[in-house]
Amino acid sequence: MQTENLYTTEYQVRSYEVDSRGLARPLTLLNYLQDAAGEHAARLGVSVLALLKNNLTWVLSRYHIHFHKFVPVHSVLTLKTWPSAKEGRFALRDFALTDSSGAPVVSATSSWMLINLKTRRPVRIDEFLPDLPTLPKRVIHDTFTSLPIPDDFNCELPFRVRHSDLDINQHVNNTVYVDWALETLPQDVIGQISPKTIEVSYRAEANYGDRILSRSFFASDDSRSIHQLIRESDGKELARLRTEWHSVD
C-alpha cells in the first residue's frame, strides 16, 4: 500500500537489460532507481515537468549505491523509495530494492538540488517546496564528503555525447556518467569483478556533442578504483566516482 512519503513499485528484469552472464547490469538497476524517483516525484507534484513550469528543476548531486547481488533475467524486484530528509539546498532520497524473497539487491541514498533555471543556482528546498514530505530513514548513512582524485590515472577512454544520452533537461542523464566510468574497467579483469559499491559526485552538466574523457585509477589488487569524467574542450570536471569491486563467483 502506498503512502504519501513512501513509493513502492515492481520491475521485471528483461532480456535486453542483462549482461553476458545473464545478470542485470548496474546501469539497469540504476535506471530502476531513477524511474521510481521520477514516478514518486510526480505523485508528490514535484516532477521535473511540473517544476519546469516555474523555471525550476531537480539535479542529482550525490549517489551512494551498494549492490548486494546481481539478479538473473526475468527476476521480479520490488523497489521502495522515499524522501529521507531536507537539508538546506539538498533533498535526500533513499532506495531499497529487493528480490521476490525479500533479500536485498540494491541499497542506495542520494542527494538532490533544486535549481533555478534562470540563475542556474540552487535554491532552498523549504522555501520553494515547503510541503515536500519526508520519511526520516536512511538505508546508507553518508554525509557526502568530497570524493578524492588520484595523482595519476591508469585507464582512459573517450566518449561523445549522443542524443540518446540526454534526459528531459537536455543534459546527459545521470546513469550515463556511471556507465562511462565503469566502461574503463581494465581488459584483463573484465568478467572477473563486479561493482560492490559506487559513490558518485556530479559536478557539472554535459551537452549534446561534447567529447568526454573518462579516466580511472585502479588499485593494484583491482578491488578499488577512482574515476573522473572531464570535458575535453575546456577540461571541466563533470563527475567523480569511487568504486569498490569484488570477485565474480
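What follows draws every value from the coordinates through simple rules; no lab data is involved. Owing to the predicted nature of the structure, the values given are computational and were not obtained by experimental measurement. Here the Cβ positions follow ideal geometry from the backbone for every residue, glycine too, while neighbour counts run over all protein chains shown.
Per 0.36 nm of contour for each residue apart, how much would the distance between ASP152 and LEU49 grow if the chain were fully extended, relative to their Cα-Cα spacing? Please report the intermediate quantities before stating the final value.
On the way: separation 103, 0.36 × 103 = 37.08 nm, distance 4.09 nm.
Going from the current span to full extension adds 33.0 nm.
Name the long-range amide H neighbours of LEU238: under 5 Å, sequence gap of 5 or more, or other chain; modelled H, no Pro or chain starts.
Distant-sequence amide H within range of LEU238: LEU229, ILE230, ARG231.
Within the range 34-124, which trypsin sites (Lys or Arg not before Pro) sit in a loop by DSSP and count at most 10 neighbouring Cβ atoms inside 10 Å?
Here the sparse-neighbourhood loop sites are LYS53, LYS118, ARG120.
Take the alpha carbon atoms of the range 16-49, find their center, do the same for the range 112-184, and report the distance between the two centers in whole angstrom.
If we compute the Cα centre of each part, the gap is 14 Å.
With just the Cα atoms of the range 7-128, tell me how far they stretch along each of the three principal axes, in Å, largest first.
Projected onto the principal axes, the Cα atoms of the range 7-128 cover 46, 24, 22 Å.
Stretched out fully, how many nm does the piece from ASP249 to GLU39 gain, at 0.36 nm a residue minus the Cα gap? Mind dumping the intermediate values first?
Values: separation 210, 0.36 × 210 = 75.60 nm, distance 3.47 nm.
Difference between extended and current length: 72.1 nm.
What Kirkwood radius, in Å to one decimal, follows from the Cα pairs of the chain?
Values: mean 1/r = 0.0532 Å⁻¹.
Radius from the Kirkwood sum: 18.8 Å.
Assuming 0.36 nm per residue, please report the length gained on full extension of the stretch HIS163 to THR119 beyond their Cα-Cα distance.
On the way: separation 44, 0.36 × 44 = 15.84 nm, distance 2.54 nm.
Net length gain for the segment: 13.3 nm.
What's the tally of Lys pairs in the chain whose alpha-carbon atoms lie under 18 angstrom apart, where the two lysines are 8 or more places apart or on different chains? Spell out each step's value before the answer.
Values: LYS53/LYS118; LYS69/LYS80; LYS69/LYS196; LYS80/LYS137; LYS86/LYS137.
Lysine pairs satisfying the spacing and distance rule in the chain number 5.
Just to confirm the filter: which chymotrypsin sites (Phe, Trp or Tyr not before Pro) across the range 170-249 are DSSP coil and have at most 14 other Cβ within 10 angstrom of their Cβ? Please report the intermediate quantities before stating the final value.
Details: sites: TYR177, TRP180, TYR202, TYR208, PHE217, PHE218, TRP245; in loops: TYR208.
Those satisfying the criteria are TYR208.
Using DSSP to call loops (not H, G, I, E or B), can you name the GluC sites (Glu not before Pro) in the range 177-249 whose Cβ has at most 14 other Cβ atoms within 10 angstrom?
Numbers: sites: GLU183, GLU199, GLU205, GLU232, GLU237, GLU244; in loops: GLU183, GLU205, GLU232.
Passing both the DSSP loop test and the Cβ count: GLU183, GLU232.
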